[in-house]
Amino acid sequence: MTGRIVAIGSAGDPTFRRMVSAAVDSGLAVDLVDIAALCTSDARVERDAEGRFSIHAPGGARIDIDAGEPILARLVDIGSQAPTPELARRCRAIVFALNACLRCHPSPVAFRPAPDQSNFTKVFHMEEARRAGFHVPPTVVTTEGESAARIASDWGHPVICKGVSGFKTRASELRAEIWRHARFSPPALLQRRIEGFELRIHAFGEDLHAEGIASTEVDYRFAADKSNNLYFAVDLPEDLKAQVHAYQAESGLDCFGMDLRFDLREGRWYFLEANTLPAFHGYDARSRGALGRSLISYVTRNRQPETLS
């Protein structure tokens, strides 16, 4: 494969580094844009009426991106780690400008931000999944520990507590006697726990990659000893593939990570959440780079401008 691709993200992000490595391994020339360097300099972002945009990088460098060029983008929030309020504001401004350009870019973008910020909330994803045909476990959003404890008691099942945001948050089991007097700020998402093994699906356009995970931990990603997790490849059945593609059509998102659980008692899959900016470097390593290759194939498959709704 020959040609150029622009990669925009944080050099300190292992998933972004994995994306760049996949592009290099495929033979593409990569123009790398480190958002941290943009935020700590006099860099700026510009876009014209024809869909081209330019990034004026530190040191006078300028990267011009034509409407037909594919882009790798992983815009993580680095402003929350900024040492001063002024730098935090500049980080937010730079990322906001990049998001605006990427939303309107006519050619494939992985991972393209949604125009209405809806790709940052799990509740929205669950409703889309329901419309796509997935089973969704009983779910409630609350700020009150007392109501959370009452919900847990009413359900009569173990309850999982996690953040509402579509970004990576840690899931834990809610115990009524501990949380009864708690207040959640920001709100917490409560979900009936599904007993069974977990399935992570990564979607890159038509390409789907599935990995099963069995763990004794509530959230296998934060296990103290990850060697106790059991990872295994899964061949997706056709009906599950069809549901994932239906979710893509419903959400308008081509690239994401999706978490499902197989209920051993009921014998069916439940949708837990979707992550529109998945940290997939570990999954890619276990697949020997298959995810990265699919990602590059997705963004380079059609270099002609898409029609965006």
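Every number in this text was worked out from the coordinates using simple rules, so none of it is lab data. Since we're looking at a predicted model, the values are computed, not measured. Methodologically, a virtual Cβ is constructed for each residue, glycine included, from the backbone with ideal geometry; neighbour enumeration extends over all protein chains shown.
Helix 145-155 and the long axis of the chain differ in direction by around 60°, with both axes built from C-alpha atoms.
Between Arg150 and Arg62, the distance separating the two model label sites (each 7 Å from Cα on the Cα→Cβ line) works out to 6.3 nm.
Once the Cα atoms are used to define both axes, helix 14-25 deviates from the longest principal axis of the chain by about 50 degrees.
Between Ala249 and Phe222, what length in nm is gained on full extension when 0.36 nm per residue of separation is reduced by their alpha carbon distance?
Here the segment from Ala249 to Phe222 would lengthen by 6.6 nm.
Tell me, in nm to one decimal, what length is gained between Arg130 and Ser41 on full extension, where the rule is 0.36 nm per residue of separation less the Cα-Cα distance?
Answer, rounded to one decimal: 27.6 nm.
Here the ratio of the Cα radius of gyration of the chain to 2.2 N^0.38 Å is 1.05. Of the peptides 18-27, 84-93, the ranking by mean beta-carbon count within 10 Å, highest at the top, reads 18-27, 84-93. Taking 4.7 Å between C-beta atoms as the pairing limit, the chain has these partnerless cysteines: Cys101, Cys104, Cys161, Cys255.
In the chain, helices alone account for a calculated mean residue ellipticity at 222 nm of -9000 deg cm²/dmol, with every DSSP H run of four or more residues adding -39,500 (n - 2.57). With both labels modelled 7 Å from their Cα along Cα-to-Cβ, the Arg17 to Arg52 distance reads 3.5 nm. Hey, what angle do you get for helix 290-300 against the long axis of the chain, alpha-carbon based, 0 to 90 degrees rounded to 10? Between helix and principal axis, roughly 50 degrees. Using Cβ point charges alone (K and R +1, D and E -1), the dipole size of segment 4-110 about the Cα centre works out to roughly 240 debye.
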